[in-house]
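Undergrad: One structure, pasted below without further comment.
None of the figures in this text is laboratory data; all of them are computed from the coordinates on show. Because the structure is a prediction, the values reported are computed rather than measured. Neighbour counts run over all protein chains shown; Cβ positions are idealised from the backbone, glycine included.
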Amino acid sequence: MKRIVFMMLLLVTMKAGLAFGAGPASPLGSEAWKKLEHTVPTPAQLDQLLEKEIIRVGRVTAPLCNDADFYRRVSLDITGKLPTPVQLRDFAQDSSPDKRAKLIDKLLESDEYSRYWSQYWAEVIAAKVTDRRGLLAYRPFEDWMAQQLKNNTPWNQIAHELITAEGEVMPGDKSDGRTFLMLGHLGPDGPVERASEVSRIFLGIQIQCAQCHDHPSDVWKREQFHEFAAYFARTGDRLVPAGNMRFGLRVHGRFFGEHKMPSKEDPAKGTTMHPRFLDGSEGPKNASDKKRREALVASMTSQDNPWFAAAYVNRIWGKLLGQGFYQPIDDMGPQKELVQQEAFLRLVGAFQAMKYDSKAFLRLVLNTKAYQRQTRLGETQDEHLLFAAVYPSRLDAEAFWQSLNDALGQVGGPFASFNRLNPLFFARSYEGQFRNQFKFDPSFRADEVEGSVAQALWMMNNPQIEEKILTRPGNFLGKLLKDFPDDSQALRILYARVLSRLPMAGEEERCKAHLAKSKNREEAFEDILWALINTTEFQSRR
Amino acid sequence: MWMHLDIHAGGLMSRRAFLGAGALSMAGWKGEVVAQAQTLRKQGLSCILLFMTGGPSQLETFDPKPGTPTGGPTKSIATSLPGIQIAEGWENTARVMKEISIIRSMTNNVAEHTRAQYQLHTGYLPSGGVKYPTFGSIVASDFPAPKDDLPSFVSIGTPGNTIGSGFLGMGQAPFVVNDASKLPANVSKANRLDEQRFSGRLSLLEDLEGQYANKGAKARVEDHKAIYANAARLVRSPNLKTFDIASESNEMQEKYGKTAFGRGCLLARRLVERGVPFVEVESRDWDTHFDHFERIKPLNSATDRGFASLVEDLAQRGMLEKTLVILMGEFGRTPIINPRTGRDHFPRAFSIALAGAGIKKGFVLGSTNAGGTEVRERPVSVPDLFCTLCKALEINPRKENNGPLNRPIKIVDGGKPVDELFA
């Protein structure tokens, strides 16, 4: 049955392709893509473009969110942390008209920004790692990436470092975190997997769909995939002994070797492929590994290739607004569905004009009205909102872990994050287990991220969490109940701390009803705190 | 509503909506009949996968070569099946040999742990583009859920080590039990809350969800509530006692062996008895690159005892006809003994054991050459094995699940079931 539906959709999609008259003549996009405007728009200009399209299709924009919602959202999105009740109060009392812009600047300069986003990028890579040994480079990558984000290294330079990386990761030792992307894929399939990931992450193109046959829903030919893989034909990896039966990993250039496209009839045979970029321009033949990878980065990050900027724009916008211009955020292409094309191309040109400055780009997006609108869903969870509202997406495991610690104090005891550097030990720490339980692929569509019973059980019953909920002298609830004998006041502070807002009248009433029938005030507040951290809202962007 | 969206419906539809569309058309009477037939057909079928992580040696399990240069000091022992010998250390399995089948001609070419473990769990090699589901998730998605609030797929002794449900989604993810001697993590009410307070918390949560639902996230709140309802049902379920192996007699616990693996096997039997369709139990530390012959002794002993007792117990309870038991690792070990008296990774020729669910009783398939370096007859590939498992569990191996980017992905790509293995 599903099969039939699929075939029908395939037919519909194919027809659409014909109707659009899209041909492979210009594989990197239509005429509009060639006339990118290389200037940086103001947030207001961008909003105008977006609203024009929203009005054209007969939609209504959501109102701007209030200050508390804004602070919580931007704080979680940029630093992965909750604002404190004091920060929320001061922000509400600040009457300067540019206070939101100032807050955005402040958060972008914080250490938490580089820490949180380094975790994000580590998860982007880790989600598709095909050889777990490569995870040895996970923590070193986080450290390296955090430093780049702190220095605001331009995105093209970060791409260059990751794609041309040579070096080692050693267990527990000083390691070169730049090798993570290359070392996530080892052995004979290395060239093919590395090519797929480089294309997916930095160009937003899932060219690996053309590995075995021409791409079923885009212009890419099978040869093009293998020509792309040929850039990595001489990228080698090997185990490096580290003593005590332990091993590290090394990525390096080999002196010979060519990539072969397997014959369809006999996979043991194949045709030698030479590097050629997606736009048809030839890469270096018979060249060293270094030359090949350098050439690939040069072609990718050239201003003539809009997909490099487009992939970043779509990913970042998708994370911040909850939906991308292309969905999922890493599946773009000349014949893929694109919404709000005019605004998108304006952003792509802008990111090029910014010379791939990540913070400048974030600042532009965060200052738009589009980002600052209220959340809502369409009629179905997967309906595209066209940026008339912000999508209420689920927090990633990193932001959720941090929020939980912000709300409850340090969960899991002083050794919750023991041995961060070694991924094998980290996996056994409380934080490691928590993040493993709650993680999802950050490139998934927000509407496809699902929760699980095991997650719900963890939040409901985990003894380490319950330990932080119980009222103890000196802990959060202990102090709250001692300092604020008035229930309404205590409730307001509890809500501000956990949900970054004040309780609505109905909520206060419901909590007071619970207080009235509870054995004592401590137990009642423990139950309320338990309920608040278990809400959908606590686990989501608002 | 908008032309371009309608035309491109395929591109804009999510997996969720896609499956939903399928479900809607299934709601017709014809669909119901199909669904019922499937339930009837699968009634009582289940599968227990005993996975020996690290790669067990075929020469010290089911394909000993005593007296040859590659055989090492390992002797062979007679089994209840005349003429068939297996390695010493597997005396209990030798006793139940007439209940099981051995494949001595498994062959593959992946010699690295993580890739081979992935392949022997999913049937596919890892690929960046597609997260293939582990076999337990495939079975869980294809079988009716157990009636008693219990999960469809339980994985025992595999903390943080499961391949996971891949593109089938969290609904089919393994429910992990770290230690079979304790209740699963987080199923008991925290701090031994009494039922009154637990209900009080749940009802408070239910009411406090309203605000976010009203702020435009209603559907997300409903999903969240549904998951919490399932979790709360499990917490309160009288069937949680299924996880308590201490309620078995001491004699029974001794029979399976008071080891992590033995307890896992006993728990697997209890779960399958209550209708859980898939249980995986891990036996660890088979990666014996040095001191191989000493290190495998306790591994052999615990695994032999757990496996044989499970098969025997299932047979005595009349459950073996409906329960497929698989004993395997990700590859075998080199016939050549290395200078550190170890054996290294060897996917070219290795052995596995199967029992129950229509698998022949007392049968050996295939063979290797005198040194154990090559398969001599009836090679069985990984896709062949997965087709065989599907056949035993009455799953269509060519059934297509909806993968990422709406790409249809067969449960098994290629391969043929090994028909000789079926009675």
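Undergrad: Semi-axes of the equivalent ellipsoid of chain B: what are they in whole Å, largest first, if each equals the square root of 5 times a C-alpha gyration tensor eigenvalue? Present the calculation step by step, with values, prior to reporting the outcome.
TA: Values: eigenvalues 323, 139, 79 Å².
For chain B, the ellipsoid semi-axes come out as 40, 26, 20 Å.
Undergrad: Taking the Cβ-Cβ separation of residue A:52 and residue A:98 as r and a Förster radius of 22 Å, what is the calculated FRET efficiency to the nearest 0.05? Show your work: numbers first, answer last.
TA: Details: r = 25 Å, r/R0 = 1.16.
Plugging the Cβ-Cβ distance into 1/(1 + (r/R0)^6) gives 0.30.
Undergrad: With r as the distance between the Cβ atoms of residue A:425 and residue B:109 and R0 = 45 Å, compute the FRET efficiency 1/(1 + (r/R0)^6) and round to 0.05. Before the final figure, lay out the partial values.
TA: Numbers: r = 32 Å, r/R0 = 0.72.
Taking R0 as 45 Å, the efficiency between residue B:109 and residue A:425 is 0.90.
Undergrad: Label 7 Å along Cα→Cβ of residue B:321; region B:344-362 residues with amide nitrogen under 12 Å?
TA: B:357-358
Undergrad: While we're here: Between the helical axis of B:218-236 and the dominant principal axis of chain B, each derived from Cα atoms, what acute angle in degrees is found, rounded to the nearest 10?
TA: 50
Undergrad: For all pairs of alpha-carbon atoms in region A:127-175, what percent lies in each bin of width 5 Å, listed from the first bin to the last filled one?
TA: 5, 17, 26, 28, 18, 7, 0
Undergrad: Follow-up question, since we're still on this one. How do A:40-47, A:284-291 rank on mean C-beta neighbours within 10 Å, highest first?
TA: Working: A:40-47: 17.1, A:284-291: 14.9.
Packing order, densest peptide first, comes out as A:40-47, A:284-291.
Undergrad: Modelling each spin label as a point 7 Å along the Cα-to-Cβ direction, I'd like the residue B:419/residue A:505 distance in nm, to one decimal.
TA: Using points 7 Å along Cα→Cβ, the separation is 7.6 nm.
Undergrad: Using just the alpha carbons, could you tell me how many Å³ per residue the convex hull of region A:397-539 encloses? Can you show the working numbers first?
TA: Numbers: hull volume 17.9 nm³, N = 143.
Convex hull of Cα atoms, per residue: 125 Å³.
Undergrad: For residue B:145 and residue B:195, what is the calculated FRET efficiency with R₀ set at 22 Å and r taken between the beta-carbons, to the nearest 0.05?
TA: Working: r = 25 Å, r/R0 = 1.14.
The computed FRET efficiency comes out at 0.30.
Undergrad: Roughly what percent of Cα-Cα pairs across region A:470-510 reach past 14 Å?
TA: Values: 387 of 820 pairs.
The proportion of pairs with Cα distances above 14 Å equals 47 percent.
Undergrad: Determine the alpha carbon to alpha carbon distance for each of A:81/A:106; A:439/B:241; A:479/A:512; A:439/B:189; A:128/A:285; A:34/A:128 and list only those over 22 Å.
TA: Numbers: A:81/A:106 14 Å; A:439/B:241 30 Å; A:479/A:512 19 Å; A:439/B:189 24 Å; A:128/A:285 29 Å; A:34/A:128 32 Å.
Too far apart for the 22 Å limit: A:439/B:241; A:439/B:189; A:128/A:285; A:34/A:128.
Undergrad: Now for a different question. Only bridges with both residues in the protein assembly as shown count here: give the DSSP antiparallel percent, nearest 5.
TA: Numbers: 36 of 62 bridges.
Given both bridge residues lie in the protein assembly as shown, the antiparallel proportion sits at roughly 60 percent.
Undergrad: Now, a different point. Neighbouring Cβ atoms within 10 Å as the yardstick, rank B:265, A:511 fewest first.
TA: Numbers: B:265 32, A:511 26.
So the residues, fewest neighbours to most, are A:511, B:265.
Undergrad: Find the Cα radius of gyration of region A:113-301, compare it with 2.2 N^0.38 Å by division, and give the number to two decimals.
TA: Compactness ratio reported: 1.02.
Undergrad: Related question: Ranked highest first by average number of other Cβ atoms within 10 Å, how do A:388-399, B:311-322 line up?
TA: Details: A:388-399: 22.7, B:311-322: 16.7.
In decreasing order of mean packing, A:388-399, B:311-322 become A:388-399, B:311-322.
Undergrad: Moving on. Just want to confirm a number: the relative contact order over chain B, from Cα pairs under 8 angstrom separated by 6+ residues, in percent. Kindly include the intermediate steps, with their values, before the conclusion.
TA: Numbers: 825 pairs, mean separation 114.9, N = 423.
Reported relative contact order: 27 percent.
Undergrad: Once amide H atoms are placed 1.01 Å from N in the peptide plane, what residues at a sequence separation of 5 or more from residue B:106, or on another chain, have their amide H within under 5 Å of its amide H?
TA: Amide H neighbours of residue B:106: B:350, B:352, B:380.
Undergrad: Taking the protein assembly as shown, how much of its Cα-Cα pair set, in percent, is spaced more than 43 angstrom apart?
TA: Numbers: 174598 of 465130 pairs.
Here the long-distance tail beyond 43 Å is 38 percent of all Cα pairs in the protein assembly as shown.
Undergrad: In nanometres, what is the gap between the two model label sites at residue B:378 and residue A:246, each 7 Å from Cα along Cα-to-Cβ?
TA: That separation, rounded to one decimal, is 4.6 nm.
Undergrad: With everything on Cα atoms, drop me the angle between helix A:190-203 and the longest principal axis of chain A, reported from 0 to 90° to the nearest 10.
TA: Computed tilt is about 60 degrees.
Undergrad: Moving on to the next point. Working from Cα positions, state the angle (0 to 90°, nearest 10) between the long axis of helix A:138-151 and the longest principal axis of chain A.
TA: Long axis of A:138-151 versus the principal axis of chain A: about 80 degrees.
Undergrad: Points 7 angstrom from Cα along the Cβ direction at residue B:68 and residue A:32: gap in nanometres?
TA: Once both label points are built, they end up 6.8 nm from each other.
Undergrad: Please compute the Cα-Cα pair-distance distribution of chain A with 10 Å bins starting at 0, giving whole percents from short to long.
TA: Bin by bin from 0 Å, the calculated values are 3, 16, 26, 25, 17, 9, 3, 1.
Undergrad: Under 14 Å Cα to Cα from residue B:225, which aspartates and glutamates show up? Leave out anything in the same chain fewer than 8 places away.
TA: Candidates past the 8-residue exclusion: A:450, A:537, B:206, B:207, B:209.
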